[in-house]
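Worksheet: the structure to be examined is printed underneath.
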């Protein structure tokens, strides 16, 4: 089943889109800084999940190791600060992108030869290898304690703001702009011939191979692209959090990324974005509500998988299709 | 140096036994049911807590003599297995035909829930019930002293592995279960209640996970969420050994247990990294593991 979202759909929803964007831009004027932190965090996870979904939802490859690219993207600014004394946002972002994308390209090249559960386990092994290295090489990475990430300068100008003012001011706008640009990029990929090829590979890779399309190379592109998204999100996460530690690469976080995609609906473009933001709030409020937050998260996961396997967006879409079918039926009656 | 290596080897062997019990259950469930059961880790945790509770109630604060620790740790595993009778028909059965992501998320959700139930019942504190560990005293081999309980672990692991082999290969139950895995419709037409067999295989799998926890309980520090470590290690074990292979689980646990022990003793900086590296290399050379077959049937 292919879900059709063409440019006409975008045009129809343009007013809603503009309202959401404007709302996002005026949030810092009204919301407390903790809410802005949470929203920023949700948006960064949305970037990560959207990138991951190019691999998972679109190409149909279940990776357990996506946290590696997010984590490596977050470690790049920390290493640059500690070992090169570079505190410039531009250099950080570019080096995070290069670092995460290169590692993704290498790991992806090795992994895309395999399918199904073997692909998942291999990506798990590589991501945990990086986790173990960062965890164990204490004298370089300070292990479990992690590394501190200061406020970077922008275009050579240092920013004389307190951390909370920085988060609800400049950093928030950087994150908003970055995520809007990347969401648009993701949308272009989703609707491009390249994206359609990935979706066709998911549906039937043997047929696509017979059409003369190099399936493995396409899978490799998808893997590298997902690493690119993860790297950018990780870099900004390091700055937002002010601190990185190896848990950002742990398989539990990889699993949470899969959860976000399935929660929102991994077959729909908007799914991972909505899933990631919802997941951020769900987890944060469950944690503040009770020490037994895992029970809330776990039982909602079980309920989700059993009752709404298509995720929130999949469910909404089915509902809308049912309604439009009903309308068509009533039209038939009138004519 | 020799004595150090020898004691590292024995410790590795003990750890391998625990890992074998754990991963053979995981592999059993994957081989027959096709589900990579993330909740396995929480059944291990349940096994640990159940055996702790049983021993505390009946031996440490009760009438039973201390020798009864040994049957009790085995009973604890079977008690945990009873949960499987509910979990498989209610939850797992619904996702056999779903994609892997769905199965993993379901069992991961189950893991989170069971871990928190442990937290609610037993609290967040760290327990230690070493009485059984001290009770057997120590054994001297080659100038090195080992806790006698380690011998019990090795022996019971061997006996349980033998038991599993007999169940799977020498009984009607095992033959039928393998036939179902090979060709389900065909066996069902012969009048076999195949859903029941799926439930029983799942129960058997988690009983082994719980045994991995309950038997080694006296030497562990007990806390909620302790099942995550063996879970991730057993993923390595079954990929090294081969998904869905009994022999693979045995060899894989041995490799991972020994390397982990030697790594911790001699190269503490890179112990875990080496295991992941070996896993990645083996998967790249032989994606189905050392003993795995393309189609997963035991």
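Shape call for segment A:30-149 from the C-alpha gyration tensor, a ≥ b ≥ c root eigenvalues: rounded (a/c under 1.5), prolate (a/b greater than b/c) or oblate? Before the final figure, lay out the partial values.
On the way: a/c = 1.93, a/b = 1.27, b/c = 1.52.
Here segment A:30-149 falls in the oblate category.
Of the DSSP beta bridges with both residues in the protein assembly as shown, give the percent that are antiparallel, rounding to the nearest 5. Please report the intermediate quantities before stating the final value.
Working: 8 of 9 bridges.
Bridges in the protein assembly as shown are about 90 percent antiparallel.
Using only the alpha-carbon atoms of the protein assembly as shown as identical scatterers, what base-10 log of I(q)/I(0) does the Debye formula give at q = 0.07, 0.09 Å⁻¹?
Normalising to I(0) and taking log10 leaves -0.48, -0.79.
Using a basic spin-label model with each label point 7 Å from the Cα along Cα→Cβ, how many nm lie between residue A:86 and residue A:142?
About 2.0 nm separates the two model spin labels.
With the cut-off at 15 Å, report for segment B:202-295 the share of all Cα pairs above it, as a whole percent. Walk me through the intermediate numbers first.
Values: 2868 of 4371 pairs.
Taking all Cα-Cα pairs of segment B:202-295, the fraction more than 15 Å apart is 66 percent.
Nearest 10 degrees is fine. How inclined is helix A:215-241 to the longest principal axis of chain A, computing both from alpha carbons?
That helix lies at roughly 50 degrees to the long axis.
Figure the gain on full extension for residue B:183 and residue B:128 (residue separation times 0.36 nm, minus the Cα-Cα span) and round it to one decimal in nm.
Numbers: separation 55, 0.36 × 55 = 19.80 nm, distance 4.68 nm.
Contour length minus Cα-Cα distance gives 15.1 nm.
Using the Cα atoms of chain B, I'd like the radius of gyration and the largest Cα-Cα distance, Dmax, both in angstrom.
Values for chain B (Cα only, Rg and Dmax): 19.2, 62 Å.
How many nm separate the modelled label positions at residue B:155 and residue B:140, each set 7 Å beyond the Cα in the direction of the Cβ?
Calculated label separation equals 2.1 nm.
Would you kindly state how much longer the chain becomes between residue B:266 and residue B:99 on full extension, computed as 0.36 nm times their sequence separation minus their alpha carbon distance, in nm to one decimal?
Here the answer is 55.9 nm.
Gap in Å between the Cα centre of segment B:220-258 and the Cα centre of segment B:138-181?
15
Treating segment A:198-258 as a set of equal point scatterers at the Cα positions, no solvent, please give the Debye-formula log₁₀ I(q)/I(0) at q = 0.13 Å⁻¹.
-0.52
Find, to one decimal place in angstroms, the Kirkwood hydrodynamic radius of chain A, where the mean of 1/r is taken over every pair of different Cα atoms and then inverted. Show your work: numbers first, answer last.
Values: mean 1/r = 0.0479 Å⁻¹.
Averaging 1/r across every pair of different Cα atoms and inverting gives 20.9 Å.
Principal axis extents for segment A:176-335, Cα atoms only, whole Å, descending order, please.
63, 44, 32
How far is helix B:69-90 tilted, in degrees, relative to the longest principal axis of the Cα atoms in chain B, given as a value from 0 to 90 rounded to the nearest 10?
Helix B:69-90 sits at roughly 30 degrees to that axis.
Computed FRET efficiency, Cβ-Cβ of residue B:61 and residue B:163, R0 41 Å: what is it to the nearest 0.05?
On the way: r = 31 Å, r/R0 = 0.76.
The computed FRET efficiency comes out at 0.85.
Note down the relative contact order for segment B:2-285 as a percent, whole number, built from C-alpha pairs under 8 angstrom at least six residues apart. Present the calculation step by step, with values, prior to reporting the outcome.
Values: 406 pairs, mean separation 114.1, N = 284.
Value for segment B:2-285: 40 percent.
Taking only C-alpha pairs under 8 Å that are 6+ residues apart, what is the relative contact order of segment A:20-250 in percent? Let's see the in-between values first.
On the way: 340 pairs, mean separation 104.3, N = 231.
Relative contact order, segment A:20-250: 45 percent.
Of all alpha-carbon pairs in segment B:141-275, indicate the percentage at a distance above 24 angstrom.
Details: 3961 of 9045 pairs.
The answer is 44 percent, as a whole percent.
Return the calculated 222 nm mean residue ellipticity for chain B, to the nearest 500 deg cm²/dmol, obtained by summing -39500 (n - 2.57) across DSSP H runs with n ≥ 4 and dividing by the residue count. Working shown, then result.
Working: 12 runs with 211 residues, N = 298.
Using -39500 (n - 2.57) per qualifying helix, the result is -24000 deg cm²/dmol.
Please give the helix B:100-122 orientation as an angle from the longest Cα principal axis of chain B, in degrees from 0 to 90, rounded to the nearest 10.
40
In segment A:103-216, what is the volume of the convex hull around the alpha carbon atoms, normalised per residue and reported in Å³? Show your work: numbers first, answer last.
On the way: hull volume 20.8 nm³, N = 114.
Normalising the Cα hull of segment A:103-216 by residue number yields 182 Å³.
For segment B:119-175, state the average projected area of the convex hull of the C-alpha atoms over all orientations, rounded to one decimal in nm².
Numbers: hull surface 29.2 nm².
It is 7.3 nm².
Bear in mind that the values in this text are calculations on the coordinates, not laboratory data. Everything numeric here is computed off the predicted structure, so don't read it as measured data. For neighbour counting, all protein chains shown are included, and Cβ atoms are generated from backbone atoms with ideal geometry for every residue, glycine included.
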